[in-house]
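Have a look at the structure below before the remarks.
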Amino acid sequence: MPRRKTSTVPDLTEENIRRQLDRVLDNGEFQASARRREMLTYIVEESLAGRDGGIKATTIAMAVFGRGPDFDQQADPVVRLEAGKLRRDLDTYYAEIGRDDPIRISIPKGRYIPKFTAQDVMQPDESPPISESAGAGNRTSRPQTWFNARNGLIAVACAAIVAAVFAWNARPARNSPFPPAMVPESVAVLIEHFDARTDNEVVSLVASGLTHEIAAALIRFPDFSVHLTHEKAASVSEPTPAKKATNRELTVIGDVWQEDEDLFIRAGLVRSWDDEILWSERFTEGSDGQSITDILDSISSEVASAIGQQYGYAMRDVRAKRLANGNDPSLRGFACVASAQIYRRTYHRDEYQAVRECLEATVVENPDYVRAWAMLAYLRNDAARFGHEKVLSTEAAFELARQAAIRAIDLDPQDTDALQAMSHVQQYAGDIERSIEFAHRAVEVNPNDPAALANLAIRYGIAGRFSEGVPLMHRAIDMSIAPPPFYFHLLAADHLIKKEWTEMLAAAERASRDGWSFGQAMLAIAHTELSNKRAAREAYERMAELDPPLAEDPKKWLEGHNMPEVLVEAVLVGLSEAQTTSLE
């Protein structure tokens, strides 16, 4: 029988705060680099010692980043930039792993002095005390610059490469070597070995490690079939005709070199049939004391995210090419899924029916196509929530969506689109906790997918947990090449609740670029509060045109989408004022 749970609020004592710091630093999911961890330790200890007044950019630069007393924060923004990353690391930690921790450590914007907040958490009665092994004595001391710890880091790099190779060899069966004919349901991507342009062991290890780390990160995106080559890669700037000899649509190439104490990595994405470079970016690492493992993790994540996301460089190009060949029967299923992805970016009503019919036909022709079932779950769900369904009852339409999501997960329980689709369906079934559970699973499968992060952020928002959802959404937007308008709905709603009208308007302007009425509602409210009467009237009229039920009975509409009470109340007040403005 489970133990009874009680609500506890911890005291903000030095001992409890240090325990919380250890809890954060010891958690393997905390994403901060070694140097940012040291920065967090420094500012917390300085604050606990009563030296808040001395926590400034100059003192942090000298104590943590090895700068001298002549440090100029205007010329060298290292502290400001790393503090911003550390804020995001902490926000992400507390939005996911640390949401039930007793104390929240944060760094308010515009300053470096940490803030400690006691969180009301549920704990079992007679729970065992936190182990003393997590004490301050176990924290890692300040790391040396990675070039100065060469031998130890080479060993770490080797371990990282072995782990990456293991992850690659343990990849799902759908990414096994492709047959002579291209698999039409996926995009074949070849990862060539990164070229080590500087003749030293560290550069060679990083080049080798990146090849496998990028492959291991990219296979988590279900749109792709990922493959490795045993041939040495060409420079990003000099694609070679030899690339055409392999059967793939896209090739990832890159090179690594060292100048003084800085390590440079350049990665690129090349279209195989004409060698056009679709994307290329240069990364600089090493000067801030990161380890080789940190470098491999951060660069591979950025490259995989840029290439793999639904609206990223690769899928944008492949969709255009395959949709142009819509008469090819082998590409019909992919074209339907691609059209669904485009529709879901904007939700334009005039695109819905054709996409829905195409997906319904696709799952009949290919009943094992996971992505088609996942997209169909979304489209069937839209039929109920947007009023497209004219025959079935709302309950029956939602049940059809649930069946499609179940089919997708049965085919592949690790498919991130299937998990997100089921999260979507569970929300409209009224089970927000199950919805969040499926959304969490999608992020666990692929933390580099901004769509999965955004989906989880939205579910948190629906649950009224904006403090958890908003940081995740900011992270998803930062990772996105072209974030869809609906990513900004959550941000606009959060600003509405906080009555931050200028910020709300900025978010609402982005949110209103899709075909969903909620973005126009946010825009109308923001303009009304800022006394922009003409713009408010235009946005309100556009909202009513897109979605008459929202204008006629906003309370029923909002509750039908299972929005939290605090948001429902804020929107009702805002729309009432916007309606009054529109009639003036």
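The values are calculated or read from the model by the stated rules, or taken from the named source; none is laboratory data. Computed from a predicted structure; not experimentally measured. All Cβ positions, even for glycine, are placed from backbone atoms using ideal geometry, and neighbour counts span all protein chains on display. Heads up: the accessible areas ignore ligands, DNA and RNA and are worked out on the full protein's heavy atoms, side chains in. Shrake-Rupley method; radii C 1.70, N 1.55, O 1.52, S 1.80 Å.
Summary of values
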{"item": "Where a residue in the range 555-575 is aromatic (Phe, Trp, Tyr) and its partner, wherever it lies, is buried (at least 18 other Cβ atoms within 10 Å of the Cβ), with Cβ under 7 Å and at least six apart", "result": "557/550"}
{"item": "Qualifying positions in the range 483-511 - in contact with a Gly (Cβ under 8 Å, 6 or more places away or on another chain), touching a residue at least 60 places away in the same chain (Cβ under 8 Å) and either among the aliphatic types (A, V, I, L, M) or within 21 Å of residue 109 (Cβ to Cβ) (or both)", "result": "493, 496"}
{"item": "Residue, farthest from residue 460 (Cα to Cα), within the range 68-81, restricted to residues that are in contact with a helix residue (DSSP H, G or I) (Cβ under 6 Å, 6 or more places away or on another chain) and either buried (at least 17 other Cβ atoms within 10 Å of the Cβ) or aliphatic (A, V, I, L, M) (or both)", "result": "71"}
{"item": "Matching residues, the range 501-511, being in contact with a helix residue (DSSP H, G or I) (Cβ under 8 Å, 6 or more places away or on another chain) and open to solvent by 20 Å² or more (accessible area, probe 1.4 Å)", "result": "501, 503, 505, 509, 510"}
{"item": "Pairs where the first residue, in the range 245-274, is in contact (Cβ under 8 Å) with a residue 40 or more places away in the chain and within 18 Å of residue 296 (Cα to Cα) and the second is open to solvent by 30 Å² or more (accessible area, probe 1.4 Å) and of a type in the set (Gly, Ala, Ser), C-beta under 7 Å, 6+ apart", "result": "256/196; 261/287"}
{"item": "Among (1) farther than 24 Å from residue 529 by Cβ; (2) free of Cβ contacts under 8 Å to residues at least 60 places away in the same chain - the single one residue 470 does not satisfy", "result": "(1)"}
{"item": "Hey, residue 83 among the hydrophobic types (A, V, I, L, M, F, W, C) and within 30 Å of residue 455 (Cβ to Cβ) or not", "result": "yes"}
{"item": "Candidates 573, 568, filtered to the one that is closer than 30 Å to residue 92 by Cα, among the β-branched types (Val, Ile, Thr), at pLDDT 95 or above and in a helix (DSSP H, G or I)", "result": "568"}
{"item": "For residue 441: the one exception among (1) open to solvent by 30 Å² or more (accessible area, probe 1.4 Å); (2) touching a Pro at 6+ places or on another chain (Cβ under 9 Å); (3) in contact (Cβ under 8 Å) with a residue 40 or more places away in the chain", "result": "(3)"}
{"item": "Residue match in the range 456-466 (condition: open to solvent by 20 Å² or more (accessible area, probe 1.4 Å), within 13 Å of the chain's Cα centre (by Cα) and closer than 16 Å to residue 420 by Cβ)", "result": "yes"}
{"item": "Selected residue (criterion: modelled with the lowest pLDDT) from residues of the range 546-565 that are within 12 Å of residue 521 (Cα to Cα) and of a type in the set (A, V, I, L, M)", "result": "546"}
{"item": "Hits in the range 271-305 (condition: open to solvent by 10 Å² or more (accessible area, probe 1.4 Å), at pLDDT 80 or above, closer than 29 Å to residue 335 by Cβ and of a type outside the set (Lys, Arg))", "result": "276, 277, 278, 279, 280"}
{"item": "Residue in the range 413-428 that is closer than 28 Å to residue 497 by Cβ and open to solvent by 20 Å² or more (accessible area, probe 1.4 Å) present", "result": "yes"}
{"item": "Verdict on residue 38 being acidic (Asp, Glu) and either closer than 16 Å to residue 107 by Cα or in contact with a Pro (Cβ under 6 Å, 6 or more places away or on another chain) (or both)", "result": "yes"}
{"item": "Residue in the range 380-388 that is under 23 Å from residue 452 (Cβ atoms), of a type outside the set (A, V, I, L, M), assigned to a helix (DSSP H, G or I) and touching a Pro at 6+ places or on another chain (Cβ under 9 Å) present", "result": "no"}
{"item": "Residue check, residue 382 acidic (Asp, Glu), at pLDDT below 95 and farther than 30 Å from residue 298 by Cβ", "result": "yes"}
{"item": "Residue within the range 355-368 that is acidic (Asp, Glu), at pLDDT 85 or above and outside any helix (DSSP H, G or I) present", "result": "yes"}
{"item": "Where residue 508 falls short, out of the listed (1) under 14 Å from the mean Cα position of the chain (by Cα); (2) more than 25 Å from residue 429 (Cα to Cα); (3) of a type in the set (Gly, Ala, Ser)", "result": "(1)"}
{"item": "Qualifying positions in the range 7-35 - of a type in the set (D, E, K, R) and open to solvent by 30 Å² or more (accessible area, probe 1.4 Å)", "result": "11, 14, 15, 18, 19, 23, 26, 29"}
{"item": "Tabulated pairs, the range 523-534, first without any contact (Cβ under 8 Å) to a residue 12 or more places away in the chain and charged (D, E, K, R), second crowded, with 17+ Cβ neighbours inside 10 Å and part of a helix (DSSP H, G or I), C-beta under 9 angstrom, 6+ apart or interchain", "result": "534/527"}
{"item": "Qualifying residue in the range 251-258 (condition: assigned to a loop (DSSP other than H, G, I, E, B) and either open to solvent by 60 Å² or more (accessible area, probe 1.4 Å) or at pLDDT 75 or above (or both))", "result": "no"}
